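Undergrad: The structure is given below, and queries will be raised subsequently.
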Amino acid sequence: MNEITIAVKYDNDNPTVSGRELHTALEVRTAYKDWFPRMCEYGFIEGRDFCSFLSESSGGRPSKDHQLTIDMAKQLCMIQRTEIGKRCREYFLNLEKQWNSPDAVMARALQIADQRLEFAKQQSGSLIETTVVQAKQIEEMKPKATYCDMVLRSAGLMPITTIAKDYGKSAKWLNKWLHEHGIQYKLGKVWLLYQKYADRGYVKSKTFTVLDENGDSIAKPNTQWTQRGRMFIYEQLKKEGILPLIEQDDS
């Protein structure tokens with residue numbers, strides 16, 4: 001008596017068998033294309049008890065086949081009412097017994113746990129990579145925030161000399177740059193903003209009293225920049241790629 005061997009496919013933890021292989025094992029004389037539709041008249045439903053697919057062919061056109069649940073396969077064996085049908089049914093009963101044995105259940109549980117662990121590792125690796133990217137982005141943004149914070153923490157008026165030192169430049173260089181970019185002009189010995197910028201609160205004029213050669217007091221006006229004006233200069237210089245030293249150091 002030949003031993004029954006019907007290949008079992010395990011997809012998503014659900015064992016299934018090929019309809020055509022079962023048809024061959026049951027030694028059914030009716031052609032599969034006629035036999036299977038007749039079997040479906042017993043109430044089997046596609047999507048629940050079986051699914052259709054085209055089987056691979058060695059030369060001709062692919063043949064229509066079906067993946068059957070083990071329950072459906074057992075019932076088809078009983079419907080045949082033959083000795084071979086009985087043997088095939090016992091084959092599936094033993095298969096189920098092995099499938100549901102404690103060892104098999106534990107093995108599947110461990111396999112699922114391994115898959116979840118591997119997925120968690122992948123997620124963790126992706127999270128670490130995202131964190132590194134975000135940290136780099138924050139680090140790139142940090143110099144600007146540092147300079148802005150420094151300005152926001154400052155109060156009062158600042159001479160152009162002090163602002164120029166933020167960039168490692170001289171007051172002469174910065175005054176010239178602002179003039180060449182149409183921001184200020186010189187009247188006598190005093191730098192004044194063009195009308196376009198005059199009413200934006202960027203500068204204020206302070207008057208200092210100095211003594212001349214004869215010891216007489218002389219009032220000298222001097223233009224100083226507000227913190228708002230300091231940020232304005234920062235934005236204008238940045239457009240030209242000129243950054244303060246604190247940002248140059250961090251980058």
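The values are calculated or read from the model by the stated rules, or taken from the named source; none is laboratory data. Nothing here was measured: the structure is a model prediction, and the numbers come from that model. Cβ coordinates were reconstructed from backbone atoms using ideal geometry, including for glycine residues, and neighbour counts include every protein chain displayed.
Undergrad: Please state which of the following conditions Asp34 fails to meet, knowing it meets all the rest: (1) assigned by TED's automatic domain parsing to the domain that holds Arg89; (2) closer than 19 Å to Glu83 by Cα; (3) surrounded by fewer than 17 Cβ atoms within 10 Å (Cβ to Cβ).
TA: Result: Asp34 fails condition (2) only.
Undergrad: Additional query: Which numbered condition trips up Glu41, out of (1) exposed (fewer than 10 other Cβ atoms within 10 Å of the Cβ); (2) at pLDDT 90 or above; (3) among the acidic types (Asp, Glu); (4) closer than 14 Å to His66 by Cβ?
TA: (4)
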